[in-house]
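Notes follow once the structure below has been shown.
The values are calculated or read from the model by the stated rules, or taken from the named source; none is laboratory data. All figures in this text were calculated on a predicted structure; none of them were measured in a lab. We place every Cβ from the backbone using ideal geometry, glycine too, and count neighbours over all the protein chains shown.
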């Protein structure tokens, strides 16, 4: 993603990998659909802050992102099950 590479360069950061992009977009989707769409950008901001904290403490960026996403997902409300949806089988 060329623009993301330029932004990372402007921030003097390593560009995100395709795997990191996919993981963050998946986490953002979970927030948008599970909590509230308009707070998704703020949730990804907090996610990034947590990743940075873990990296500063010695974790690899990959480990920090995975751990932070796990923590983010642990705070999401439970999704309703489809058993009670009223669909006849």
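A few points about this structure:
- In the stretch 27-40, the residues that are assigned to a helix (DSSP H, G or I) and free of Cβ contacts under 8 Å to residues at least 12 places away in the same chain: 29, 32, 33, 37, 38, 39
- Residue 59 vs. criteria surrounded by 13 or more Cβ atoms within 10 Å (Cβ to Cβ), modelled with pLDDT of 95 or more and not in a helix (DSSP H, G or I): yes
- For the stretch 3-18, a residue qualifies if it is loosely packed, with under 13 Cβ neighbours inside 10 Å, under 14 Å from the mean Cα position of the chain (by Cα) and either outside any helix (DSSP H, G or I) or touching a residue at least 12 places away in the same chain (Cβ under 8 Å) (or both), and exactly one does: 17.
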